[in-house]
Amino acid sequence: MHDSLAGWRSEFPIVETCTYLVSHSLGAMPRAAVQNVQAYADTWLTRGVRAWSEGWWELGHTVGDILAPVIGAPAGSVSMHQNATVAQGIVGSCFSYDGPRRRIVLTDLEFPSNIYLFQGFRRYGAEVVTVPSDDGIRTNLQRLLDAIDERTILVPLSLVLFRSSYIQDARAVIRKAHSVGAHVVLDIYQAAGVIPVDVQELQVDFAVGGSVKWLCGGPGAGYLYVRPDLARRLEPAWVGWAAHAEPFTFETNLRYAAAPERFQSGTPNVPALYSARAGYEIVAEIGVDAIRAKSLALTRRMMDHATAAGFRLNTPSDDRERAGAVIVDVPDPGAVAAELIRRNVMVDFRPGAGVRMAPHFYNTEAEVDHACATLEAIVTAR
Ligand SMILES: Cc1ncc(COP(=O)(O)O)c(C=O)c1O
């Protein structure tokens, strides 16, 4: 395979020290992020309190604008938060759950945070409807669509399921939700940076995610996109002084800022926002289409190896349904993953699913081959 992205490898030092196939969990740190973290420290050290008026205070907005093109969002529509869970909590706080429209509909394949968080809204009157999957890999789409009706207020939906890497039919869910007056909160964490995402084209109401994985932005930089026409109307109850139109007046009556500031809480997570931007810039420069093309070729190669070795895959084999990770079903995946790591092949596992491996744009075919051969050797020996 001719690899037009091979040149990016040298920007990610860790890939020269191990076989790094765990970008679905923690993307490799870009060299440029080291400089950004240093710039943060230098600014704090030398500018002190002046840093707030020299860019720190606006970071939630300005860093959101760097990320926005990667997910098809317009400038000024993305705010930055500590993590994706916080971002979803803020969305949930924009609604009331005491009227006839009080249902939150989600599937049992959602990331646990999403389930825990929205179940918490039961104490405010929400009714949570959980739609079961048939196979633990895919959502039963028709069952999900049937569960969304005039009683539904929110549909939290992962574009890519963390457990199986399955790409959900967000378009169909959004269409159904909108036809009955419900809103969709799309969790794009396992999608952004590895499969094309265009929140405007999808016409989704909200999108949330974080930067730890495919965006190579490190922890502490969750994000929230709100559809601009909605953003003008919504008033989150989970709110802090950074959401005030004039925070430095310290008024006790809340006057909401325009978007995206009105979705902010308190002081921005400055060091995380410094470190996150390098990954966004690199992903934007490469372009997600090119990343997706390479990812598909490498995951296909990985799957061919695994099936040839007799393993079952808990990942859709159809390229149109599969995002960036491959889940190989092996007995005792926790122990197998630990042995892979001991042999310097970075992977992880999910109970009941298997060993998760994911090539990203900085990986090579040789690494995929090495990881698969090592996996096979470990399982055979056991
Ligand atoms: C799909 C998905 N949503 C949400 C999360 C959790 O996000 P956070 O820790 O930023 O709240 C994860 C983390 O792995 C995830 O994979």
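The values are calculated or read from the model by the stated rules, or taken from the named source; none is laboratory data. Only a predicted model underlies this, so the values are computations on that prediction, with no experimental measurement involved. Positions of Cβ are backbone-derived with ideal geometry, glycine not excepted, and every protein chain shown enters the neighbour counts. Note: areas computed on protein heavy atoms with side chains; ligands, DNA, RNA excluded. Shrake-Rupley method; radii C 1.70, N 1.55, O 1.52, S 1.80 Å.
For Pro219, what is the net charge nearby, where nearby means another residue's Cβ is under 15 Å from its Cβ and Lys, Arg count +1, Asp, Glu -1?
+2
Debye sum, Cα scatterers, the range 138-204, no solvent: what log₁₀ I/I(0) at q = 0.21, 0.26, 0.27 1/Å?
Taken in order of the listed q values, log10 I(q)/I(0) reads -0.84, -1.20, -1.27.
Send over the per residue convex hull volume for the range 159-297, Cα only, as a whole number of Å³.
Dividing the Cα hull volume of the range 159-297 by its residues yields 130 Å³.
List the relative contact order of the range 14-80 as a percent without decimals, with contacts defined as Cα pairs under 8 Å and 6+ residues apart.
Relative contact order, the range 14-80: 18 percent.
Over the chain, calculate the relative contact order: mean separation of alpha carbon pairs under 8 Å at least 6 apart, over the residue count, as a percent.
Relative contact order for the chain comes out at 23 percent.
At 4 °C and 1.567 mPa s, grab the translational diffusion coefficient of the chain from Stokes-Einstein with a Kirkwood Rh over Cα pairs, rounded to a whole number in µm² per second.
It comes out at roughly 60 µm²/s.
Could you work out the mean projected area of the convex hull around the alpha carbons of the range 1-159, in square nanometres to one decimal?
So the Cα hull casts an average projection of 14.7 nm².
First measure r as the distance between the Cβ atoms of Thr364 and Thr17, then evaluate 1/(1 + (r/R0)^6) with R0 = 22 Å and state the FRET efficiency to the nearest 0.05.
0.95
Say a paramagnetic label sat at a point 7 Å from the Cα of Asp289, along Cα to Cβ; which residues of the range 162-201 have their backbone N under 19 Å from it?
192-201
Pick from Gln203, Gln264, Gln142: which is most flexible by mean-square fluctuation in a GNM of the chain where alpha carbon atoms under 10 Å apart are linked?
Highest fluctuation of the listed residues: Gln142.
What percentages, rounded to whole numbers, describe P(r) for the range 90-180 computed over all alpha carbon pairs with 10 Å bin width beginning at zero?
17, 52, 28, 2
At what distance in nm do the modelled label points of Asp135 and Arg343 sit from each other, each positioned 7 Å from its Cα along Cα→Cβ?
So the two model labels end up 2.9 nm from each other.
Provide, in order from the shortest bin, the percent of all Cα-Cα pairs of the range 277-360 in each 10 Å bin, continuing until the bin that contains the maximum pair distance.
Going out from 0 Å in 10 Å bins, the range 277-360 shows 17, 43, 29, 10, 0 percent.
Could you work out the relative contact order of the range 193-309, using alpha carbon pairs under 8 angstrom and six or more residues apart, expressed as a whole percent?
Answer for the range 193-309 is 29 percent.
Can you tell me the dipole magnitude for the chain around its Cα centre, using point charges on the Cβ only (Lys, Arg +1; Asp, Glu -1), in Debye to the nearest 20?
That gives a dipole near 520 debye.
Round to the nearest 10 and report in Å² the accessible area of His178, as given by a 1.4 Å probe over the protein chains' heavy atoms.
Looks like 70 Å² after rounding.
Considering the Cα positions of the range 1-53, please state its Rg to one decimal place and its Dmax as a whole number of Å.
Here Rg and the maximum Cα pair distance are 16.1, 52 Å.
Could you compute the FRET efficiency for Ala258 and Ser10, with r as their C-beta to C-beta distance and R0 at 51 Å, rounded to 0.05?
0.75
Summing Lys, Arg as +1 and Asp, Glu as -1, what charge do residues with Cβ under 12 Å from the Cβ of Gly64 carry, Gly64 excluded?
My count for the surroundings of Gly64 gives -2.
Quick one: in the range 243-303, what % of C-alpha pairs are over 12 Å apart?
77
Going 7 Å from the Cα of Asp169 toward and past its Cβ, which residues in the range 128-152 have a backbone nitrogen under 12 Å from where you end up?
139-146
Among bridges DSSP assigns within the chain, what percent are antiparallel (round to 5)?
50
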